[in-house]
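Colleague: One structure, as structure tokens, below. Some questions next.
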Amino acid sequence: MSPETSTFGPAFRLTASTQTVVISFEGTALRVPENVSVVAALLVTGYPAGRRASGSGAQRSAYCGIGQCFDCTMTIDGVSGCQACMTRVREGMQVARQRV
């Protein structure tokens, strides 16, 4: 999905006045609305957010959305353990699933 063709869910419709930024998710450029959390940006562009559980390997995503559960931890700009629900997107941000 290229930044030019990204689509958003009903809550994130792009209009002429929508301000956006481009982030990279595991090497894929995504154009997302500015001032949203990383997890929200990934979910509206169709990417499951989060990490894999260390025991079962099950995919984890945002559970609480308020920074309490740590299920949404991701590697952001090379720093692992960042809470994607509490981190706002910014231009050029590099995001990857948490590796455990």
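Colleague: Look through the stretch 12-41, keep the residues that are crowded, with 18+ Cβ neighbours inside 10 Å and over 14 Å from residue 88 (Cβ atoms), and return whichever of them is modelled with the lowest pLDDT.
Modeller: The selected residue is 12.
Colleague: Related question: Please find, among 55, 27, the residue that is of a type outside the set (D, E, K, R) and at positive phi.
Modeller: On the way: 55 fails: at positive phi.
That would be 27, the only listed residue that is of a type outside the set (D, E, K, R) and at positive phi.
Colleague: Which condition does residue 61 not pass, out of (1) at pLDDT 90 or above; (2) closer than 19 Å to residue 30 by Cα, if it passes all the others?
Modeller: (1)
Colleague: Collect the residues in the stretch 17-41 that are under 11 Å from the mean Cα position of the chain (by Cα), more than 18 Å from residue 59 (Cβ to Cβ) and touching a residue at least 60 places away in the same chain (Cβ under 8 Å), keeping them in residue-number order.
Modeller: The answer is 23, 24.
Colleague: May I ask you to list pairs of residues, at least six apart or on different chains, whose Cβ atoms are under 6 Å apart, with the first in the stretch 76-93 being on the phi > 0 side of the Ramachandran plot and the second being surrounded by 13 or more Cβ atoms within 10 Å (Cβ to Cβ)?
Modeller: 77/94; 81/73
Colleague: Continuing with the same structure: Does residue 22 satisfy being in contact with a Lys or Arg (Cβ under 7 Å, 6 or more places away or on another chain), farther than 16 Å from residue 98 by Cα and not in a loop (DSSP other than H, G, I, E, B)? Write out each step before concluding.
Modeller: Numbers: in contact with a Lys or Arg (Cβ under 7 Å, 6 or more places away or on another chain): yes; farther than 16 Å from residue 98 by Cα: yes; not in a loop (DSSP other than H, G, I, E, B): yes.
Against the criterion (in contact with a Lys or Arg (Cβ under 7 Å, 6 or more places away or on another chain), farther than 16 Å from residue 98 by Cα and not in a loop (DSSP other than H, G, I, E, B)), residue 22 qualifies.
Colleague: Only residues that are buried (at least 17 other Cβ atoms within 10 Å of the Cβ), among the aliphatic types (A, V, I, L, M) and more than 15 Å from residue 87 (Cβ to Cβ): list them for the stretch 42-75, please.
Modeller: 44
Colleague: Next question. Considering only residues that are closer than 19 Å to residue 93 by Cα, touching a residue at least 24 places away in the same chain (Cβ under 8 Å) and touching a strand residue (DSSP E or B) at 6+ places or on another chain (Cβ under 8 Å), which ones fall in the stretch 42-61?
Modeller: Matches in the stretch 42-61: 42, 44, 45, 49, 50, 51.
The values are calculated or read from the model by the stated rules, or taken from the named source; none is laboratory data. Worth saying up front: this structure is predicted, and the values here are computed from it rather than measured. A quick note on method: Cβ atoms are made from the backbone with ideal geometry, for glycine too, and the neighbour counts reach across all protein chains shown.
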